[in-house]
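We did not get these values from a lab; they are worked out from the coordinates using the rules stated. None of these values were measured; they are calculated from a predicted model. Here the Cβ is made from the backbone with ideal geometry for all residues, glycine too, and neighbour counts use every protein chain on show.
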């Protein structure tokens, strides 16, 4: 039997969809305008910047960026063309490779970060009270933990 959404759930669901879409579009517009890259590339650069040695196995990077292997491979190829990332073979597994953030890529990320953070604040956090931020974190963590387990 289908468990249809009640009126409150339907409203919450539609607000969630609209809000996440609008925030993602705002972040993408800002990064395209100010840094010449889509938000997906920024996510990849951040993940690499936080990894030991600024390197990550491609499969791990795909999971971290919440991307398919093929989509990530295409993005990394574009980032390589810009000189922001390079691929290196995995010494222990010839089928795998690492994506490595170059110094140029790190500099691009460092230059893009302040504008990105300001847009995150403007698009999401400036409209919320500290209590709403706490609740948003709690709700998102619950949903994430449920789906990742």
Checklist entry - Could you say whether any residue in the range 94-109 is surrounded by 11 or more Cβ atoms within 10 Å (Cβ to Cβ) and out of contact with any helix residue (DSSP H, G or I) (no Cβ under 9 Å at 6 or more places or on another chain)? => result yes
Checklist entry - Does residue 105 fit the bill of being touching a residue at least 40 places away in the same chain (Cβ under 8 Å), assigned to a helix (DSSP H, G or I) and touching a strand residue (DSSP E or B) at 6+ places or on another chain (Cβ under 6 Å)? => result yes
Checklist entry - Is there any pair with a first residue in the range 116-145 that is in a loop (DSSP other than H, G, I, E, B) and a second that is surrounded by 12 or more Cβ atoms within 10 Å (Cβ to Cβ) whose Cβ atoms are under 8 Å apart and which are 6 or more apart or on different chains, and what are they? => result 124/23; 128/136
